[in-house]
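Data first, discussion second: the structure below is written as structure tokens.
The values are calculated or read from the model by the stated rules, or taken from the named source; none is laboratory data. Remember, predicted model here, so these are calculated numbers, not experimental data. Here the Cβ positions follow ideal geometry from the backbone for every residue, glycine too, while neighbour counts run over all protein chains shown. These accessible areas exclude ligands, DNA and RNA; they are computed on the full protein's heavy atoms, side chains included. Shrake-Rupley method; radii C 1.70, N 1.55, O 1.52, S 1.80 Å.
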Amino acid sequence: MSSTSHEASEPGPAAVEVTVVRGEETYPLTARVTEWELRPHPQVPERGDAVHFTYRAVQEGLLPEASVELAACAVDSADVVLLCDIIAVERAEPGDARVADGDSWLGPVSESDLSDTARVLFLPDQLKPDLHAGDPKDSDGYVPPAIPGPGDRLRTS
């Protein structure tokens, strides 16, 4: 789909490691899930298990934006979404380290049983629209794909 379309596109193929894209533009940023585990969230252990995951983002050039937002999804063995959320990766400035390690949580939520989690995947799409989204004169027309919800099947690479 062209990056000048004003309709949301389907998300790109999900994977443990993705290169970030914004429409037809490939960013010099790769994100990889390094580990994940199912355990109670330390702030709300009474609410049951959540998925804790770690990731590594490697920036190989200057990003056009200050931060990139990606969807991370816990999926079952058939790549059906149990839960997705957004992580943000901040741009490294020239001279700064180009590798960023982070961690995040998916859940806990009462609507999803995360015990069926088989893996955690990233979607490759930059989820932030441009600064002028909604302005027909200045927007570049990029509309990020919607974040998949529980029950959606991800396309995988």
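Using the Karplus equation 6.51 cos²θ - 1.76 cosθ + 1.60 (θ = phi - 60°), what ³J(HN,Hα) coupling, rounded to whole Hz, does each residue of segment 113-121 give in order, writing x for Gly and Pro?
So the J values, rounded to whole Hz, are 9, 7, 5, 8, 4, 9, 6, 10, 10.
Report the percentage of all Cα-Cα pairs in segment 15-94 whose separation exceeds 21 Å, rounded to a whole percent. Working shown, then result.
Values: 1184 of 3160 pairs.
When every Cα pair of segment 15-94 is considered, 37 percent fall beyond 21 Å.
Suppose every K and R has +1 on its Cβ and every D and E has -1 on its Cβ; what is the size of the dipole of the chain about the Cα centre, in Debye to the nearest 20? Walk me through the intermediate numbers first.
Details: 12 positive and 29 negative charges, 40 e Å.
The dipole of the chain has a size of about 200 debye.
Given a 1.4 Å probe and heavy atoms of the protein chains only, how would you sort Glu90, Glu10, Glu37, largest accessible area at the top? List each step's numbers first, then the result.
Numbers: Glu90 120, Glu10 150, Glu37 80 Å².
Listed by decreasing accessible area, they come as Glu10, Glu90, Glu37.
If DNA, RNA and ligands are ignored and the probe is 1.4 Å, what is the ranking of Thr30, Thr156 by accessible area, most exposed first?
On the way: Thr30 25, Thr156 55 Å².
Ranked from most to least accessible, the order is Thr156, Thr30.
Need one number: convex hull volume per residue for the chain, Cα atoms only, in Å³. Could you put the intermediate results ahead of the total?
On the way: hull volume 18.8 nm³, N = 157.
Roughly 120 Å³ of hull volume per residue.
Enter the accessible area per residue of the chain (Å², integer; probe 1.4 Å; all protein chains in place).
On the way: 8330 Å² over 157 residues.
That works out to 53 Å² per residue.
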